[in-house]
Amino acid sequence: MILGIPGGLQVVLIIVVILLLFGGRKIPELMRGLGKGMKEFKDASKGEDSSEDTK
């Protein structure tokens with residue numbers, strides 16, 4: 001498929017290219033940052049602000 005869902009070979013090729021570009025050590029850091037960003041986005045869209053501490 002040209003514009004469809006990527007198959008198994010395409011997924012493997014993408015993973016290999018990402019590993020070559022970033023290396024094995026950098027990927028967990030990238031995923032951690034992505035997770036934090038997604039959490040902050042969800043909190044902001046709900047109207048919650050986790051940076052304010054109530055005393």
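The values are calculated or read from the model by the stated rules, or taken from the named source; none is laboratory data. On a predicted model such as this, the values are computed, not experimentally measured, just so you know. Cβ sites come from the backbone with ideal geometry, for glycine too, and all protein chains shown count toward neighbours.
What do you reckon, is Phe41 hydrophobic (A, V, I, L, M, F, W, C) and touching a helix residue (DSSP H, G or I) at 6+ places or on another chain (Cβ under 7 Å)?
When the stated conditions are applied, Phe41 does not pass them.
Within region 15-29, count every residue that is loosely packed, with under 10 Cβ neighbours inside 10 Å and part of a helix (DSSP H, G or I).
Residues meeting the conditions: 3.
Checking Ile27 against (1) touching a Leu at 6+ places or on another chain (Cβ under 9 Å); (2) aliphatic (A, V, I, L, M); (3) modelled with pLDDT of 90 or more, only one condition comes out false. Which one?
(3)
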